[in-house]
Amino acid sequence: LMRFTGQNLTSRFPGFIASNLLMDTQWAIAAAMAKEGSSYAKKLVGNYMSPSIHRSIMRGIRGKLDESNPIDKLFGEFQRAGGETGYSDLFKVDDFEKMIKNELKEGVDWRKSYTWYTGSVDTLNRWAELASRFSTYVTSRNSGRDIERSAYDAKEITLNFNRKGTGAFGANWLRFAY
């Protein structure tokens, strides 16, 4: 029950996507500035703003990386190195509308609809979580750091709830208050 409730308030809650993305982005830029300096932070912002970073994240989430693409190759490296921590397919609003209308024409199977909905929201939340981390990984790799150090940088750029002593209870409370 607690896990179900937690998932529905975070990874399955559409409103959590924007707040998570915003909070992680702000935290990552501030942390990069404090830990690494303005030059690194500027490179991080440049990587974060790159559409190719976000497309690679979505291909990685879908399991469709193209290892001949340098950014996809870095994303695969990032995943294998454990850079992804923590707790969606990315469609445009029009795509969602078409998919929903098609489902309604065929008759509603609520289990199928619920699974599709929660899977889509999970995917978007995962993308929001990975945007800052993968941008940090790319920034560290492009700065000449090795895979392990880059994965460490990515994990530590925002709150890492997989690590003891991160203040997860207080941070989770603040996340909902944000």
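What follows draws every value from the coordinates through simple rules; no lab data is involved. What you see is a predicted model, and the numbers here were worked out from it, not measured in a lab. Virtual Cβ from ideal backbone geometry, glycine too; neighbours counted across all protein chains shown.
So how much slack lies between Met49 and Arg62, counting 0.36 nm per residue of separation and subtracting their Cα-Cα distance, in nm?
2.6 nm
What number comes out for the charge environment of Arg145, summing +1 per Lys or Arg and -1 per Asp or Glu over other residues with Cβ under 11 Å away?
Every neighbour counted, the sum reads -2.
Per-residue counts of other Cβ atoms within 10 Å, averaged by peptide: what ranking do you get for 64-71, 48-55, highest first?
Result, highest mean Cβ count within 10 Å first: 48-55, 64-71.
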